[in-house]
Every structure is written in C-alpha cells, then in structure tokens.
Amino acid sequence: QVQLVESGGGLVQAGGSLRLSCAASGSIVSINAMGWYRQAAGKQRELVAIIISGGSTNYADSVADRFTISRDNAKNTVYLQMNSLKPEDTAVYYCKAGVTTYYSGSIYRRDYWGQGTQVTVSS
C-alpha cells in the first residue's frame, strides 16, 4: 500500500509564509501528478496547485502569484510554498498523488490522498 504523510501546517498571521510537505511511501513504481487541494469549513474541496512528473505546474487563480508547488522525485515528495497568506487561505490542505504500484505480478494505478493538515491564517 501507499501512504501520503503531510506536514508543515499551522497558525500564521496574515502576510506570513508556510511550507507544506507531503511524502509518499510504499511499493511505488512511479508517481505521475502530485497536487495540493484545500477544503475550508462549509465549502467543497478545491484544487490549489498541481505538478506532473515532467515539472509542468498549474495553479488556482487565487494563489497563482503567492504559492509555489515543487517536487523531489527521488524522495517522492511534493512541497507547497505559501507566501503572503490571507485569512481566506484558511483550510485543511490535502495532498493527492497519482501512483503506480506493483504487487504480485500486476501493475496498479490509482490516486491516493493524505490525511490533511490544518492551515489557519489570522487577520
């Protein structure tokens, strides 16, 4: 099985910065897209940023000039550098990875989610 473990959330004042990390572990053959999503209280989960294995990225309009997604393929880890944080960035942040695994002679491909990390931005 595959596990995604997130870290780096916390409480920060508006204008501050946080860096989230998400490390994937398990019987991983390869990882295609890795992304960050967030879900604020009472709202639907939304895409924040995504990065594919070749390095191409895509961002939600609301964060494009403040957040940077990156990945370390050797460590199966994705990062989200968040700068100029705003109260409206407050949410639980989840990472997601499209993972190929090998088990008992077969290849499997599916998406995995992390457990989420809380980011709270005070005004």
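Hey, could you check region 95-109 for residues that are in a strand (DSSP E or B) and open to solvent by 40 Å² or more (accessible area, probe 1.4 Å) and say which is modelled with the highest pLDDT?
Among those that are in a strand (DSSP E or B) and open to solvent by 40 Å² or more (accessible area, probe 1.4 Å), it is Lys96.
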>> Please go through region 110-119 and give me each residue that is surrounded by 15 or more Cβ atoms within 10 Å (Cβ to Cβ) and among the polar types (S, T, N, Q), ordered by number.
In response: Thr117
>> Cβ-Cβ distance below 6 Å, separation of 6 or more or different chains: which pairs start in region 12-23 with a residue that is under 17 Å from Gly116 (Cα atoms) and end on one that is open to solvent by 60 Å² or more (accessible area, probe 1.4 Å) and hydrophobic (A, V, I, L, M, F, W, C)?
In response: Ala23/Val5
>> What's the total number of residues in region 1-43 that are closer than 16 Å to Ala91 by Cα, outside any loop (DSSP other than H, G, I, E, B) and either among the aliphatic types (A, V, I, L, M) or in contact with a His (Cβ under 6 Å, 6 or more places away or on another chain) (or both)?
In response: 4
> What tally of residues in region 66-86 results from selecting those that are free of Cβ contacts under 8 Å to residues at least 12 places away in the same chain and open to solvent by 60 Å² or more (accessible area, probe 1.4 Å)?
Replying inline: 1
> Which one of these is more than 19 Å from Val121 (Cα to Cα), modelled with pLDDT of 95 or more, surrounded by fewer than 20 Cβ atoms within 10 Å (Cβ to Cβ) and not basic (Lys, Arg): Ser62, Ser56, Ser21, Ser27?
Replying inline: Ser56
> Can you name the condition, by its number, that Tyr108 falls short on among (1) in contact (Cβ under 8 Å) with a residue 12 or more places away in the chain; (2) in contact with a Phe, Trp or Tyr (Cβ under 9 Å, 6 or more places away or on another chain)?
Replying inline: (1)
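Look through Ser53, Ser62 and report the one residue that is touching a helix residue (DSSP H, G or I) at 6+ places or on another chain (Cβ under 9 Å), under 20 Å from Gln3 (Cβ atoms) and in a loop (DSSP other than H, G, I, E, B).
Checking each option against the conditions leaves just Ser53.
The values are calculated or read from the model by the stated rules, or taken from the named source; none is laboratory data. A quick note: this is a predicted structure, and the numbers were derived from the prediction, not measured. Cβ sites come from the backbone with ideal geometry, for glycine too, and all protein chains shown count toward neighbours. In case anyone asks, the SASA skips ligands and DNA or RNA and just uses the protein heavy atoms, side chains included. Shrake-Rupley method; radii C 1.70, N 1.55, O 1.52, S 1.80 Å.
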